[in-house]
Amino acid sequence: MWNWLKHHFLSPKTFYANTTPLLPWMTLAFALCFGYGLIDGLFIAPADYQQGDGFRIIYVHVPSALTAMAIYLTMAIAALITLVWRVKIAAICMSCSARIGAWFTFLALVTGSIWGKPMWGTWWIWDARLTSVLILFFLYLGFIALESVIVDQHNRDRATAVIAIVGVINLPIIHYSVLWWNTLHQGPTISQFAKPAIAPAMLHPLIAMIAAFMLFYGLILLLRMRNQILLRERKSQWVQEVFV
Amino acid sequence: MTSMSHLFAMGGYGFYVWPAYCITLFVFGINFFLFVREKKHVKKILQST
């Protein structure tokens, strides 16, 4: 079963062919979610009773932070598949995700800092949530740096996969940091089990923006993976055919 | 005109809200730009092989 999946669905050639029809639909879904989230979040959702219109930064800060964590989780799963089953596509996914994840973590840090200044009176504080997200950013940079110094493809995939798996320990620390330690950062806005601590009128654009950010990640990931597939498989017959 | 300035003021938080959204658009833009640049690079390599 796994071998069939590996050779028929996860082979670079099949992956390239299967993702082609997905791209326009993902672009459309992203445009709709982002357009709705942006308009509703900026102009329609009511102002917060404590933070006023300053709370609207939530619509870019929370989605970027969630996406940054989701990307690292994707990388860790891809790393495990790379190490155990040596699937080429998983190694490519891991590599492309790191570059996108670093940007989203940077965005979460910057928007969080911008939000922190009017609400907490400071751009930065060394509390558990902020520090653990900064560590996530350094993990991404470390992954990219390690990847750039190892020449051999096989060794590079294995070494970076180990980094990705070790770093995944940081994800629960980020998630539970606001519960485990005293911190200026607010608790979770959306919980898996509890009722959301946010009014529905404010929640809908937030969900749309989270979907938009995830779709953007998925879209850029597929586009970059397709580039890398062409590059790695450039000597194969099918690439010559696709390219011509 | 007043409603536009009211909109940009964001209840006194415009200095923080607008840059946050601009940086978001910048990050989206740079990710797309990096993909396009990589695609051109790959195309160049494929043409030379």
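FYI, it's all coordinate maths here, none of it is from the lab. It should be emphasised that the depicted structure is a prediction, and the values quoted were computed from it without experimental measurement. We place every Cβ from the backbone using ideal geometry, glycine too, and count neighbours over all the protein chains shown.
Within a 10 angstrom radius of each residue's Cβ in B:27-37, how many Cβ atoms of other chains show up on average? Whole number is fine.
Details: counts 10, 8, 0, 1, 11, 4, 0, 5, 11, 2, 1.
Mean shielding count: 5.
Per-residue ellipticity at 222 nm from helix content only, as computed over the protein assembly as shown with -39500 (n - 2.57) for each DSSP H run of at least four residues, stands at -26000 deg cm²/dmol. If you plug the beta carbon distance of A:H175 and A:A17 into 1/(1 + (r/R0)^6) with R0 = 51 Å, you get a FRET efficiency near 0.85.
Annotation: extensible slack from A:F43 through A:A197 equals 53.3 nm (criterion: 0.36 nm per residue apart, minus Cα-Cα distance).
Partner chain Cβ atoms within 10 Å, averaged over the residues of A:226-238 - can you pull that number for me?
Working: counts 3, 9, 2, 1, 5, 5, 0, 0, 5, 1, 0, 0, 0.
For this peptide, the per-residue mean of nearby foreign Cβ atoms is 2.
For the stretch B:2-48, the Stokes-Einstein estimate of translational diffusion at 25 °C and a viscosity of 0.890 mPa s comes to 185 µm²/s, using the Kirkwood hydrodynamic radius over alpha-carbon pairs.
Counting only aspartates and glutamates at least 8 places from B:K44 when in the same chain, there are none with an alpha carbon closer than 14 Å to its own. Taking other C-beta atoms within 10 Å as the exposure proxy, A:V162, A:V242, A:V133 rank A:V162, A:V242, A:V133 from fewest upward. Structural size metrics of chain A, computed from C-alpha coordinates, are Rg and Dmax of 19.8, 62 Å. Annotated for chain A: lysine pairs at least 8 residues apart or interchain, Cα distance under 20 Å, count 4.
Inter-chain Cβ neighbour count for A:215-224, averaged per residue, equals 3 (cutoff 10 Å, partner chain atoms only).
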